[in-house]
Amino acid sequence: MKFDYTKYIRPYLLTLSPYQSARQEFEGDGSSMILLDANENPFESTTNRYPDPMQMELKQEIAAWKGVEHNQLYLSNGSDEFISQVIMGCCEPGTDYIMILPPTFGMYQVAALTYGVGVQEVPLTDTFQLDVTSILERADQTSKIIFIPTPNNPTANNFDLDAIEQIIQNFPGLVVVDEAYVEFSSNPSVISWLSKYPNLMVCQTFSKAQGMAGARLGMAFAHPDFITFFNRIKAPYNINSLTINAVLKRLKEQDKIKSQVELMLAERHRLEEAFAAIPFIQKCFPSDANFVLIKVDDSSLLYKQLIEKGIVVRNPSKNYNCKNTLRISVGTPDENNSLIEALHSLK
């Protein structure tokens with residue numbers, strides 16, 4: 001049965017005529033042409049020409065790496081841009097809602113409120129797992145998107161894959177599974193589910209394990225009809241040439257990235273063991289990411305004490321069910337040694 005993506009899209013945007021950039025009107029690669037079409041500076045440098053607006057070379061490389069077709073891939077200026085795009089493109093302001101599962105990544109709510117879209121909250125359970133029954137009971141036809149980050153931020157844990165699949169099968173809107181920390185996870189990616197669940201979207205990023213937070217490149221994987229739609233509403237040159245070239249280079253360095261991930265996972269385990277011996281750390285929550293969440297006796301005080309020792313962590317205590325917690329990223333071995341030493345000095 002043919003999938004009708006249009007029921008998930010704001011009707012007004014279905015008839016939008018996209019902006020056509022000069023580089024899109026001329027469909028060749030331009031390598032042997034005199035380019036006088038885009039009002040560029042003609043003197044050659046690494047950045048004097050506009051980048052490929054559809055990033056085809058990079059998409060083909062990423063698609064081969066991830067085992068998808070290039071028409072299932074949308075590239076964004078960080079995952080934040082995709083989060084904003086999917087909300088803006090699918091949710092009618094003043095009518096529709098997104099659903100979030102606190103404690104969760106704060107950008108989902110910020111993006112929704114920016115576009116005048118409501119937010120439905122269904123908290124995680126006390127063990128930071130999905131409350132599937134409550135999610136499906138709360139959802140209705142105005143629940144256009146649910147965001148499920150796994151591993152979750154700030155709690156660092158994976159969500160049960162069977163629970164995620166149950167939501168995909170029964171949620172009335174789109175299900176966006178945010179896999180920003182997937183390289184650190186013991187669970188496989190759900191990208192392989194795209195072929196059977198056209199209402200599923202998966203986003204990943206080059207900001208975490210790939211070590212390119214400053215380059216700002218996010219990846220979204222979805223049904224080709226959604227990708228075509230996002231390409232129609234995106235900014236013409238949303239990915240710059242410096243980022244494209246840097247990511248093409250990084251894709252050839254995956255053995256290096258794998259070694260770094262293995263080291264960070266070993267260091268995470270070492271931190272977890274060290275935290276268990278520190279009296280004021282009441283609990284270290286299970287982690288499937290490159291950070292850990294700990295519960296302490298006084299998070300605000302400890303945060304300030306670590307600042308005084310030259311160490312910056314995150315205090316997510318304002319989040320639902322996260323009172324007196326700190327979120328700590330895994331650093332280099334030397335940085336982790338300094339953290340452990342500082343914590344022991346505060347006993």
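The values are calculated or read from the model by the stated rules, or taken from the named source; none is laboratory data. Here the structure is a predicted model, which is why all the values come from computation and not from measurement. Every residue, glycine among them, receives a Cβ derived from its backbone with ideal geometry; neighbour counts consider all protein chains shown.
Points to keep in mind about this one:
- Condition met for I328 (β-branched (V, I, T), surrounded by fewer than 17 Cβ atoms within 10 Å (Cβ to Cβ), modelled with pLDDT of 95 or more and not in a loop (DSSP other than H, G, I, E, B)): no
- Failed criterion for V292 (all others in (1) closer than 28 Å to S189 by Cβ; (2) surrounded by fewer than 16 Cβ atoms within 10 Å (Cβ to Cβ) hold): (2)
Quick grid of which residues meet (1) outside any helix (DSSP H, G or I); (2) touching a residue at least 40 places away in the same chain (Cβ under 8 Å); (3) not assigned by TED's automatic domain parsing to the domain that holds V190:
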| site | (1), (2), (3) |
| --- | --- |
| S32 | yes, no, no |
| A38 | yes, no, no |
| N41 | yes, no, no |
| T46 | yes, yes, no |
| E57 | no, yes, no |
| A63 | no, no, no |
| N71 | no, yes, no |
| L75 | yes, yes, no |
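- Within the set R216, R232, R268, the sole residue that is in the same structural domain as L326 (by TED's automatic domain parsing) and in contact (Cβ under 8 Å) with a residue 40 or more places away in the chain turns out to be R268.
- Within region 132-150, being farther than 14 Å from D178 by Cβ, touching a residue at least 24 places away in the same chain (Cβ under 8 Å) and out of contact with any Cys (no Cβ under 6 Å at 6 or more places or on another chain) holds for V132, I135, L136, R138, A139, D140, Q141, T142, S143.
- Looking across region 298-347, the residues that are under 30 Å from E121 (Cα atoms) and of a type in the set (A, V, I, L, M) come down to L301, L302, V312, V313, L326, I328, V330.
- Index of the failed condition, F280 passing every other in (1) modelled with pLDDT of 95 or more; (2) within 22 Å of the chain's Cα centre (by Cα): (2)
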